[in-house]
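The values are calculated or read from the model by the stated rules, or taken from the named source; none is laboratory data. Just so you know, these numbers come straight off a predicted model, no measurement behind them. Cβ placement follows ideal geometry from the backbone for every residue including glycine, while neighbour counts extend to all protein chains displayed.
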Amino acid sequence: AAGVIQSPRHLIKEKRETATLKCYPIPRHDTVYWYQQGPGQDPQFLISFYEKMQSDKGSIPDRFSAQQFSDYHSELNMSSLELGDSALYFCASSPKGLAGSEQFFGPGTRLTVL
Amino acid sequence: GENVEQHPSTLSVQEGDSAVIKCTYSDSASNYFPWYKQELGKRPQLIIDIRSNVGEKKDQRIAVTLNKTAKHFSLHITETQPEDSAVYFCAASRGNDYKLSFGAGTTVTVRA
């Protein structure tokens, strides 16, 4: 079965650089969520999109922005990177409807900021 | 916002014994409670979930119970095996298209 695809899987950046993370949800899933997981931490919700509109916003820094495109893929743009941004970034997707709460996670992008 | 507390933070059990992890939540509007298993460096994987109209759900060696009045839910793993060793996260959500609020995680170690 198709799963959530994230790219790149690993990314190394310098401080103050920018990064773009991509997420391709499971086919026919129209909701995308972004989570940030620091070492030894639980995943923290950043932002979500439903039908290409932002549906919820969590602890996402102003330096970060995201959007969902017409093909439902999503991109997380991160600017002025800081050392503390080093983390695993997970994208998850869910289908609409009563069962829509079940979120399927992608393999994650490991971002290292030097 | 939702606050999910999870206990214990670490759990070591002998192979074949049972493991129990407990979580509490604060938002009475939460109605969906999944449990995820995460191995080091890997994605969280859903192992079982329960919705607020159900008090208990079982899937082979894994069971989850929910007490809406007390706002707590628990994961039970019976006949533990070494491959059950991982970090387990509970989570809560208001349901459709809502974010997941995670507990801090429980590191489970199954001793052979």
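Can you pull out the strands (runs of 3 or more DSSP E) entirely within the stretch A:32-72 that have at least 2 residues that are within 13 Å of chain B (Cβ to nearest Cβ) and at pLDDT below 95? Can you show your working first?
Values: elements: A:44-50, A:53-57, A:64-68.
In the stretch A:32-72, the matching strands (runs of 3 or more DSSP E) lie at A:44-50, A:53-57.
Somewhere in the stretch A:2-20, is a residue over 20 Å from B:Gly41 (Cβ atoms) and surrounded by 18 or more Cβ atoms within 10 Å (Cβ to Cβ)?
Pass one, the stretch A:2-20, residues over 20 Å from B:Gly41 (Cβ atoms): A:2, A:14-18, A:20.
In the following step, the residues that additionally are surrounded by 18 or more Cβ atoms within 10 Å (Cβ to Cβ) were identified as none.
The answer is no; no qualifying residue exists.
Elements of the type strands (runs of 3 or more DSSP E) sitting completely within the stretch B:1-111 and holding at least 2 residues that are among the polar types (S, T, N, Q) and away from chain A (no Cβ under 11 Å): these cover B:10-14, B:62-67.
Does B:Thr65 qualify as being under 28 Å from A:Pro107 (Cβ atoms) and surrounded by fewer than 21 Cβ atoms within 10 Å (Cβ to Cβ)? Steps first, answer last, please.
On the way: under 28 Å from A:Pro107 (Cβ atoms): no; surrounded by fewer than 21 Cβ atoms within 10 Å (Cβ to Cβ): yes.
It is false that B:Thr65 is under 28 Å from A:Pro107 (Cβ atoms) and surrounded by fewer than 21 Cβ atoms within 10 Å (Cβ to Cβ).
Quick check on B:Leu66: is it without any contact (Cβ under 8 Å) to a residue 40 or more places away in the chain and over 9 Å from the mean Cα position of the chain (by Cα)? Answer is yes for this residue.
State whether the residues of the stretch B:15-23 include one that is out of contact with any Cys (no Cβ under 6 Å at 6 or more places or on another chain) and closer than 30 Å to A:Ile5 by Cβ. So far as the stretch B:15-23 goes, no, none of its residues is out of contact with any Cys (no Cβ under 6 Å at 6 or more places or on another chain) and closer than 30 Å to A:Ile5 by Cβ. Suppose we filter the stretch B:23-51 for residues that are under 14 Å from the mean Cα position of the chain (by Cα) and surrounded by fewer than 17 Cβ atoms within 10 Å (Cβ to Cβ); how many remain? Final tally of qualifying residues: 3.
Against the condition among the acidic types (Asp, Glu) and free of Cβ contacts under 8 Å to residues at least 40 places away in the same chain, how does B:Asp59 come out, does it pass?
Details: among the acidic types (Asp, Glu): yes; free of Cβ contacts under 8 Å to residues at least 40 places away in the same chain: yes.
Yes.
Rundown of residues vs (1) surrounded by 16 or more Cβ atoms within 10 Å (Cβ to Cβ); (2) touching a residue at least 60 places away in the same chain (Cβ under 8 Å); (3) among the acidic types (Asp, Glu), yes/no style:
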site: A:Cys23; (1), (2), (3): yes, yes, no
site: A:Pro27; (1), (2), (3): no, no, no
site: A:Asp30; (1), (2), (3): yes, yes, yes
site: A:Trp34; (1), (2), (3): yes, no, no
site: A:Ile47; (1), (2), (3): yes, no, no
site: A:Met53; (1), (2), (3): no, no, no
site: A:Gly58; (1), (2), (3): yes, no, no
site: A:Ser65; (1), (2), (3): no, no, no
